[in-house]
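Here is the structure we will look at, set down as structure tokens.
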Amino acid sequence: MLNEAGADEVLVDDGAIAAQITTSGAARFEKVLELIGTTTLEDSLLCAKEGGIVCMTGIVGNAWTLGKFAPMGAIPTGVYLTSYTGDTEDFMRTPLNELAQKIARGTLKLQDGKTFHLDEIVEAHRAMEENNAGGKIVVLT
């Protein structure tokens, strides 16, 4: 599904993506977007090549701090670590009208997810846990 959306390569996160890269002989990445957060940050750092950038922008791993984090050991030489938290001004700069026009023209392809009604919340949660929603999950009340 991701390849159809334009991805060159897809790795399924099993908690050790850096090991997958090493095992497969794939090249490390110039840019890594860390969406889970502190629980997977060290693995993401190992996925970046020298001169690469890791941007941590999500905290969905249920851990807000790095316990016993040793930057000299965790951040590979020549890899940059940055973060993005976003704020109201960032949102206001988003070109929403332009994006809506591209969607209407069909030039911006969006991955449709699944829509559930509130009485289907168990099914919605199951789809999320099993990662088979194919996109965002919407729950209608």
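Rule-based calculations on the coordinates, nothing more; no lab input. Fair warning: this is a prediction, and the values are worked out from it, not measured in the lab. Heads up, the Cβs are rebuilt from the backbone with ideal geometry, glycines too, and the neighbour counts pull from every protein chain shown.
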* Backbone N under 17 Å from the E9 label point (7 Å along Cα→Cβ), restricted to segment 41-72 -> 43-54
* To do: Based on other C-beta atoms within 10 Å, arrange M128, M56, M92 from fewest to most.
  => M92, M128, M56
* If you take the charge dipole of the chain about its Cα centre, with +1 on Lys and Arg Cβ and -1 on Asp and Glu Cβ, which of A19, M128, L99 is farthest toward its positive end? -> L99
* Taking the chain as a Gaussian network, Cα atoms linked when under 10 Å apart, which of K31, K68, K49 shows the biggest mean-square fluctuation? -> K68
* Asked: Counting only complete DSSP H runs, which helices of the chain cover 15 Å or more along their long axis at the Cα atoms and score a mean Kyte-Doolittle of 0.5 or above?
  -> none
* Asked: Label T94 and M72 with points 7 Å out from Cα along Cα→Cβ: what is the distance between them in nm?
  -> 4.2
* To do: Any chance you could count the Lys pairs in the chain whose alpha carbons are under 27 Å apart, treating pairs 8 or more apart or on different chains as valid?
  => 10
* Qualifying chymotrypsin sites (Phe, Trp or Tyr not before Pro) for segment 64-97 [loop in DSSP, other Cβ within 10 Å: at most 16] -> W64, F69, Y84
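With all distinct Cα pairs included, what does the Kirkwood hydrodynamic radius of segment 74-128 come out to in Å, to one decimal, could you say? Intermediate values should be presented prior to the final figure.
Numbers: mean 1/r = 0.0632 Å⁻¹.
Result for segment 74-128, one decimal place: 15.8 Å.
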* To do: Estimate the FRET efficiency between T23 and A104 by the formula 1/(1 + (r/R0)^6), using the beta-carbon distance for r and 35 Å for R0, to the nearest 0.05.
  => 0.20
* Structure fact -> Expressed in angstrom, Rg and Dmax over the Cα atoms of the chain are 18.0, 51
* Relative contact order, percent, of segment 1-95 when contacts are C-alpha pairs under 8 Å separated by at least 6 residues? -> 24
* Structure fact -> Using alpha-carbon positions, the gyration tensor of segment 1-41 gives root eigenvalues a ≥ b ≥ c; with a/c under 1.5 called rounded, otherwise prolate if a/b exceeds b/c, else oblate, the class is oblate
